[in-house]
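Have a look at the structure below before the remarks.
The values are calculated or read from the model by the stated rules, or taken from the named source; none is laboratory data. If you're wondering where the values come from, they're calculated on a predicted model, not measured in any experiment. Using ideal geometry, Cβ is built from the backbone for each residue, glycine included, and neighbour counts are taken over all protein chains shown.
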Amino acid sequence: MRWLTVLVLTLITACSQTPTPSLYQQLGGDAGISAITDGLLYEIEHDNRIVHHFADTDIERFRRLLAEQLCEISGGPCTYTGGSMAESHTGFNITLADYDALVGHLIKVMQQQHISISAQNQLLALLAPMYKDISYR
C-alpha cells in the first residue's frame, strides 16, 4: 500500500509540473514577433519625436532584422544577421528620450498583443543593456 501512495504522489507531482514556455513562445512565436515588429514600426512612423532617425532607413530590411533580433534574443529559432548595435546606430545621436520613446512604444504594442507583464519584463531586460551601444554614436 505504501508503494501505491508513493506512486500516486509521484504521478501527481509529475503531471503538475508543466514546463515554462520560452520567452519566444510567450511572445507568440513567429506570428507574435511579426505582430510586435509591425506594431512598433507603426508607432515609430507616427511619432514625430523619433521618426526622423528612420528617414534614410530601408524599412523592409529594418523590419526583417528587428524580427530576427527579437526572435533570437527571446530564444527562438532565428539568427540575427545584422550588424552590432554600436555599428548600426553610429551617427544617429540617439538620446535617452529617444530610447525611452521607443521602449514606450514597444510596451504599448506588447500590451495590445496581450503579452504577459512577465514576458514584457523579460524582453525589456534583454533589450535594456543595448542602450549603451546605441546612444550618442
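In the stretch 13-26, the residues that are closer than 13 Å to SER116 by Cα and of a type in the set (A, V, I, L, M, F, W, C) form Cβ pairs under 9 Å with partners that are modelled with pLDDT of 95 or more and assigned to a helix (DSSP H, G or I), at six or more places apart or across chains, as follows: LEU23/ILE73; LEU23/ALA119; LEU23/GLN122; LEU23/LEU123; LEU23/LEU126. With a requirement of 3 or more residues that are under 24 Å from GLY29 (Cβ atoms), the helices (runs of 4 or more DSSP H) lying completely within the stretch 93-136 that satisfy it span 96-112, 117-127. Taking the stretch 96-111 as the range and being in contact (Cβ under 8 Å) with a residue 12 or more places away in the chain and either loosely packed, with under 14 Cβ neighbours inside 10 Å or acidic (Asp, Glu) (or both) as the test, the residues that pass are LEU96, ALA97, ASP98, LYS108.
Taking helices (runs of 4 or more DSSP H) as the structural unit, those lying wholly within the stretch 1-77 and holding at least 2 residues that are at pLDDT 95 or above, surrounded by 12 or more Cβ atoms within 10 Å (Cβ to Cβ) and within 15 Å of the chain's Cα centre (by Cα) correspond to 23-26, 29-45, 59-73.
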